[in-house]
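The values are calculated or read from the model by the stated rules, or taken from the named source; none is laboratory data. Computed from a predicted structure; not experimentally measured. Here Cβ is always computed from backbone atoms with ideal geometry, including for glycine, and neighbour counts include all displayed protein chains. Keep in mind that these areas ignore ligands, DNA and RNA; they rest on the heavy atoms of the full protein, side chains included. Shrake-Rupley method; radii C 1.70, N 1.55, O 1.52, S 1.80 Å.
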Amino acid sequence: MRYIFLLPILLIGCASPEATSPAPEWAIAIHGGAGVISKDLPDSVRLDYEASLTAALEAGKSMLMEGKPSLDVVEAVVRILEEDPRFNAGRGAVYTADGVHELDAAIMDGRDLSCGAVAGITTVRNPISLARKVMEDTPHVFMIGAGAEKFADQAGVERVPNSFFDTEHRRRALDSAKRRELEKVTASLESRYGTVGAVALDKAGNLAAATSTGGMTNKRFGRVGDVPVIGAGTYANNATAAISATGTGEEFIRHVVAHQISAQMEYGGKTLIQAAENVIFHKLKPGDGGIISVSKTGEIAMIFNSEGMFRGAADSKGRFEVAIWE
Ligand code: ASP
């Protein structure tokens with residue numbers, strides 16, 4: 001008999017913190033690329049990056065507080081980052097070996113696995129919005145190059161000359177990548193970072209992911225990385241999580257990183273953090289990059305194996321942070 005009275009006390013004593021603290025109503029994470037980000041970054045440069053990330057995160061936070069759908073939020077946040085020349089997406093896209101810009105982007109809706117992706121885009125100002133149009137206005141999920149740009153005109157998506165994406169700092173990065181190539185020195189990852197992404201859980205419990213990039217400095221013509229490959233650099237599924245990756249695209253494609261994290265949760269019973277750490281630290285190599293993710297319960301993971309990752313996270317429980325290094 002005595003034991004029956006003890007039972008409620010034991011149950012309360014054993015309750016995990018997760019069980020006692022309610023899940024957040026909404027959550028968001030963003031990234032602005034991973035790579036060799038020197039800790040000696042001048043303060044003024046660091047502050048500028050932090051201000052850009054903060055502004056994008058604030059915009060996403062306000063939309064989620066107002067009850068906007070996660071799909072609208074991730075598109076809007078990525079558009080803000082695409083307009084910022086600091087990041088390797090949209091306006092600040094890196095140069096290919098031929099001295100032009102070829103952009104990739106993808107978006108995914110966790111409600112029903114709808115997705116849209118574009119690759120090898122040279123004249124669309126905001127590739128993430130073209131990816132969304134592919135998702136919503138065509139029976140397809142992936143469009144490339146000239147065909148995708150023709151579709152941009154039909155869909156009323158703004159086009160710009162390729163020189164719109166020219167920036168001095170990315171031109172210098174190409175010049176030094178070419179010099180290193182001549183000297184047969186491995187290209188520094190530094191010349192790559194700046195891909196952008198956003199993942200969000202909205203008040204209705206829906207997840208979405210969006211990623212946009214100029215790819216890698218000095219890439220060969222026609223090279224496509226992981227970003228627009230659904231399941232590699234971008235993935236969202238209401239049953240598990242929304243994930244956006246950044247890093248050496250070839251490795252993220254080989255390991256199907258974003259989907260592998262989701263699959264380890266769905267079939268392997270792992271939590272988001274366990275699945276993401278397993279993939280980033282045990283499947284990829286040090287220096288390959290990282291991911292941001294939000295799970296269906298609002299858990300946020302921002303995990304990377306590179307020196308740094310520009311990132312930010314916020315949720316309805318008051319979390320709001322931006323960071324670059326560990
Ligand atoms: N993952 C991108 C690509 O390979 C680059 C990056 O995230 O830095 O195209």
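On the given criteria, is Glu299 closer than 23 Å to Trp325 by Cβ, open to solvent by 10 Å² or more (accessible area, probe 1.4 Å) and more than 12 Å from the ligand (Cβ to nearest atom)?
Answer is yes for this residue.
Hey, can you tell me all the residues within region 267-290 that are within 22 Å of Met108 (Cα to Cα) and in contact (Cβ under 8 Å) with a residue 60 or more places away in the chain?
Scanning region 267-290 gives Gly289, Gly290.
Any chance region 195-215 includes a residue that's closer than 21 Å to Arg86 by Cα and acidic (Asp, Glu)?
No, the conditions are met nowhere in region 195-215.
Among the residues of region 123-147, which ones are in contact with a Pro (Cβ under 9 Å, 6 or more places away or on another chain) and either open to solvent by less than 10 Å² (accessible area, probe 1.4 Å) or assigned to a loop (DSSP other than H, G, I, E, B) (or both)?
Of everything in region 123-147, those that are in contact with a Pro (Cβ under 9 Å, 6 or more places away or on another chain) and either open to solvent by less than 10 Å² (accessible area, probe 1.4 Å) or assigned to a loop (DSSP other than H, G, I, E, B) (or both) turn out to be Thr123, Pro127, Ala131.
Can you go through Arg223, Arg159 and tell me which one is of a type outside the set (S, T, N, Q) and open to solvent by less than 70 Å² (accessible area, probe 1.4 Å)?
Testing whether each residue is of a type outside the set (S, T, N, Q) and open to solvent by less than 70 Å² (accessible area, probe 1.4 Å) leaves just Arg223.
Within region 151-170, which residues are outside any loop (DSSP other than H, G, I, E, B) and either at positive phi or under 24 Å from the mean Cα position of the chain (by Cα) (or both)?
Ala152, Arg159, Asn162, Phe164, Phe165, His169, Arg170
Using the structure shown, decide if Val185 is open to solvent by 40 Å² or more (accessible area, probe 1.4 Å) and either modelled with pLDDT under 95 or in contact with a strand residue (DSSP E or B) (Cβ under 8 Å, 6 or more places away or on another chain) (or both).
yes
So, in region 199-252, exactly how many residues are within 11 Å of Asp104 (Cβ to Cβ), part of a loop (DSSP other than H, G, I, E, B) and either among the charged types (D, E, K, R) or away from the ligand (no atom under 14 Å from the Cβ) (or both)?
2
Considering each of Leu57, Leu53, Leu41 in turn, give the residue that is within 16 Å of the ligand (Cβ to nearest atom) and closer than 26 Å to Met216 by Cα.
After ruling out the rest, the residue left standing is Leu53.
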